[in-house]
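Reading through the structure tokens given below for one structure.
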Amino acid sequence: MSASITLLIPTFNRIRALEAVWPSYFGHPDVAKLIVIDDGSTDGTKERVEEWATRAPIPVSVIRHETQRGQPASRMSGIAASGTEWVLFGEDDVWLASNYCSTLLREAKDLGASMIAGRIVTALVPDEFNTSCLQDPLTPIRPADEVFDLANMSADFAARTAAPIPAPFLHSIALIRRSAFSAVVFDTWYEGNAWREETDFYLAAGALGLKSYFTPSTVCYHLRGPISASGGHRINRIRFELFVWRNTRYLVMKHWDYLQRAYGLRGSADGWMMRYFARRQIAQLKRIATGGVRSTYRGKK
């Protein structure tokens, strides 16, 4: 059976993290090729990836945006160049387990899913990365109804469930049947690293009857620390909270009818937004009271 997955990695000015996770994107028998979408980086990403490509065991190519166009546009550029039955989105600071692609592909076929993602666990990287940073402590099995929190449009994607469960939305490291993109696209209204753009895509897919699943059967690791402190869409806290409000409101307004119909959300979208934002600010204050004002893990002092 021929390989049926294209790996897509959007990136912007995060070459150090990308170099750390790069080995994890190879050795997957179901993967035909890898495409890196360089969204206007100024750190030599394109040249470094082209150098690595000469030693890669599968074809590697780079799509270069001369100016930063944002995550949704980067994803759509990669999809257009993929050509395989399935695409799997990686990230420039996410390490894939060796069975990540094969497990998702097998379970997607068994479940009749159009999209599926495994668990994602935070890996704290205090200085230089090595695989000892990839820790996944054994945790109790969680009921399916504890994974997703529609009141806050959030989920615990590190949770262990007893089996794959239907998902209203997923995180970004997901396997998606390419035919889904003939009906649903990533909305380029979302800017920068596009907070909520993934949730927007999955809700739009759900409204069309496409099935999404979250599975505990495999895991990937999100690197956190100085190694991934560059790139992305970095703004100060006040601006970030305004950004969160703006994007979440757009998401909820866009999908409110579906959210009410499919998940029983009540009242008005504006009322939901007020409750959501109040809870968010209370949670922020509690976090500051217990952990200080720093929100980013910065490794050893």
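Here are the numbers for this structure:
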read-out	value
Matching residues in the range 44-92 - criterion: being touching a strand residue (DSSP E or B) at 6+ places or on another chain (Cβ under 8 Å), among the aliphatic types (A, V, I, L, M) and in contact (Cβ under 8 Å) with a residue 12 or more places away in the chain	V49, A56, I58, V60, V62, I63, A73, I79, A81, V87, L88
Yes/no for A194 being surrounded by fewer than 18 Cβ atoms within 10 Å (Cβ to Cβ), outside the structural domain of Y263 (by TED's automatic domain parsing) and either more than 29 Å from Y258 (Cβ to Cβ) or modelled with pLDDT under 95 (or both)	no
Flag for S182 being at pLDDT 95 or above and surrounded by fewer than 15 Cβ atoms within 10 Å (Cβ to Cβ)	yes
Every residue from the range 195-219 that is out of contact with any Ser or Thr (no Cβ under 8 Å at 6 or more places or on another chain) and under 29 Å from A3 (Cβ atoms)	E197, F201, A204, L208, G209, Y213, V219
Criterion violated by G209 - all others in (1) of a type in the set (G, A, S); (2) in contact with a helix residue (DSSP H, G or I) (Cβ under 9 Å, 6 or more places away or on another chain); (3) part of a loop (DSSP other than H, G, I, E, B) satisfied	(2)
Sole exception among (1) at pLDDT 90 or above; (2) exposed (fewer than 14 other Cβ atoms within 10 Å of the Cβ) for K254, by number	(2)
Failed item, numbered, when L259 is tested on (1) in contact (Cβ under 8 Å) with a residue 60 or more places away in the chain; (2) closer than 19 Å to Y190 by Cα	(2)
For S102: the one exception among (1) at pLDDT 95 or above; (2) surrounded by fewer than 17 Cβ atoms within 10 Å (Cβ to Cβ); (3) part of a loop (DSSP other than H, G, I, E, B)	(3)
Residue in the range 24-41 that is in contact (Cβ under 8 Å) with a residue 40 or more places away in the chain and part of a helix (DSSP H, G or I) present	yes
Residue within the range 33-41 that is farther than 23 Å from N99 by Cβ, touching an Asp or Glu at 6+ places or on another chain (Cβ under 7 Å) and buried (at least 23 other Cβ atoms within 10 Å of the Cβ) present	no
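The values are calculated or read from the model by the stated rules, or taken from the named source; none is laboratory data. Just so it is clear, the structure is predicted and the values come from calculations on it, not from any experiment. Ideal geometry is used to build each Cβ from the backbone, glycine not excepted, and the neighbour counts take in all protein chains shown.
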